[in-house]
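In what follows, a single structure is set out as structure tokens and then discussed.
The values are calculated or read from the model by the stated rules, or taken from the named source; none is laboratory data. The structure presented is a predicted model; accordingly, all values stated were derived computationally and were not measured. Cβ sites come from the backbone with ideal geometry, for glycine too, and all protein chains shown count toward neighbours. Each accessible area value is taken on the protein alone, full model and side chains, heavy atoms only, with ligands, DNA and RNA left out. Shrake-Rupley method; radii C 1.70, N 1.55, O 1.52, S 1.80 Å.
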Amino acid sequence: MTLAVAMAATMIMTSCSKDDYKAAIPRNAIALMMVDMTKTGGDNAVAKDMADSGIDFTNDVILFETSDRNFGLCASIEDHAMLEEWIGRKVKEKECTDVTRRNDVTFVFYKDAWVVGFDERNLLMLGPVLPNMKQQLQQQMARWLGQDRSQSIMESRLYAVVDSIAAPMKMIANISALPETFVAPFTVGLPPNTDPSQVYVKAEISRTSDILSMKGESFSFNKRVDEALKKAAKVFRPLNGRFHELPQDAFLTLLTNVEGTSFIETMQRDKALKGVLAGLQAVIDLNSVFRSVDGEFMLSVTPEHLSTDMATDGTQHSFTMQAELANDDFAKKVWHNASAGFSFSISQAVDGKKDVLLCSNANGDPTDHPSRDCSPFIKGERMCLVVQLNALDNEMSLAVKSILATVFGNASTLLYTIK
């Protein structure tokens, strides 16, 4: 009996310890990405560099975002002494500075941007952070490294959902974790006067070359909201790749296939979608255009558009929209502001159907821009959101690229498609 009890206790302790390191993830995390490092694909120089760091890559590495907009990484430690040796080498190479200790936790400042803290079992990395904020983050991280499962994200609904996804790489995020410009495709169908923070996104992740692909869906823990989101997603139809040249200077590109009248109704109910299209609405009667749309639709947005008030005059807007038309009845009578640095044209495609092109003069003809063929990863999908991080050079994109590089190497294009 004594032997059986001892064996049972050992099994329980072993099964618990495998996930213990995740208890260091703070309760206020609003996004989680779990990554099996053996399945990331591609040439990951960062992972190779850390191969002898003492970090246990047989366990998932977890990326997270906190409600105060810090990005973090959590990993388990296999060999504490080896990790300290690795840190020592990085100090000599000037990649790590300011080695300090608080009780049982060692802290270093990594690559002038990230605070790294670790004890005997767990490692946390948080940032990007200014040097004068290091001490405050160290205090927070020391608390997180000392907390138990019940105080962490592990006892949350967020963790339960992402942990239930049967994929080696997966993510979940509250809509509040996303930049405002990204929100629109995920809140389609949100009932009026509903707090957008009731919306979540969950997805399976894969990686091919520089593209990090996420196939997922919007959902809510509120049954009424969840049903509305799923019903509205049916407005999107499969893509055939009619518009497949992705401008390389476009930070954000949305591709879908819609029946225009239904899309107008969706757009009018969706505040986030109206916000993205506000720049177009300011210079043309977009409702009249969409009443003639029946087919594929692509909207590309450049950083200039994102950095200005989308509802002001069109001279600073940089956007390109292409759409497949059922007819061009709107063309002769539609209101548009030709003096606002904006133009639209209609052309006939080889299949006999007509397409409309709307663009700011800053963007001009999309065929004049360097582009990449996105047809291999959009055909058959019902909606695609493409984010090219290299097209924007602000603090948010640099932070996202930096934290993703730790597990995905040179992945610089994010592709989201709906299930």
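Applying a threshold of 7 Å to beta carbon distances and a minimum spacing of six or more residues, or different chains, the list of pairs starting in segment 192-213 at a residue that is under 22 Å from LYS274 (Cβ atoms) and ending at one that is assigned to a loop (DSSP other than H, G, I, E, B) and open to solvent by 60 Å² or more (accessible area, probe 1.4 Å) is empty. Of the residues LYS234, LYS230, LYS223, the single one that is out of contact with any Cys (no Cβ under 8 Å at 6 or more places or on another chain) and closer than 14 Å to THR417 by Cα is LYS234.
Exactly one residue out of LEU137, LEU124, LEU130 is in contact with a Cys (Cβ under 7 Å, 6 or more places away or on another chain) and more than 30 Å from ASP270 (Cα to Cα): that is LEU124.
So which residues in segment 257-294 are over 19 Å from SER343 (Cα atoms) and out of contact with any helix residue (DSSP H, G or I) (no Cβ under 9 Å at 6 or more places or on another chain), if there are any at all? Correct list: ASN257 only. One residue stands out in segment 214-246 among those that are in contact (Cβ under 8 Å) with a residue 40 or more places away in the chain and among the acidic types (Asp, Glu): the one that is farthest from ALA411 (Cα to Cα), namely GLU217. Need pairs with beta-carbon distance below 9 Å; first residue within 23 Å of LEU385 (Cβ to Cβ) and without any contact (Cβ under 8 Å) to a residue 40 or more places away in the chain and within segment 280-302, second in a strand (DSSP E or B) and among the aromatic types (Phe, Trp, Tyr); sequence gap 6+ or separate chains. That search, which allows pairs on different chains as well, returns PHE290/PHE297.
When segment 112-133 is filtered for residues that are among the charged types (D, E, K, R) and touching a residue at least 60 places away in the same chain (Cβ under 8 Å), only ARG121 remains. Tell me which of these PRO191 doesn't satisfy, since it passes every other one: (1) modelled with pLDDT of 95 or more; (2) part of a loop (DSSP other than H, G, I, E, B); (3) not aromatic (Phe, Trp, Tyr). Unmet for PRO191, out of (1) modelled with pLDDT of 95 or more; (2) part of a loop (DSSP other than H, G, I, E, B); (3) not aromatic (Phe, Trp, Tyr): (1).
Every test in (1) open to solvent by 20 Å² or more (accessible area, probe 1.4 Å); (2) farther than 25 Å from TYR416 by Cα; (3) modelled with pLDDT under 80 is passed by GLY314 save one, and that test is (1).
When the residues of segment 156-183 are filtered to those that are touching a residue at least 40 places away in the same chain (Cβ under 8 Å), assigned to a helix (DSSP H, G or I) and over 17 Å from the mean Cα position of the chain (by Cα), the one that is surrounded by the fewest Cβ atoms within 10 Å (Cβ to Cβ) is ARG157.
Within segment 351-370, residues that are modelled with pLDDT of 55 or more reach partners that are surrounded by fewer than 17 Cβ atoms within 10 Å (Cβ to Cβ) and not small (Gly, Ala, Ser) with beta carbons closer than 6 Å, at six or more positions or on different chains, in the pairs LYS354/ASP328; LYS354/ILE346; LYS354/GLN348; VAL356/ILE346; PRO370/GLN248.
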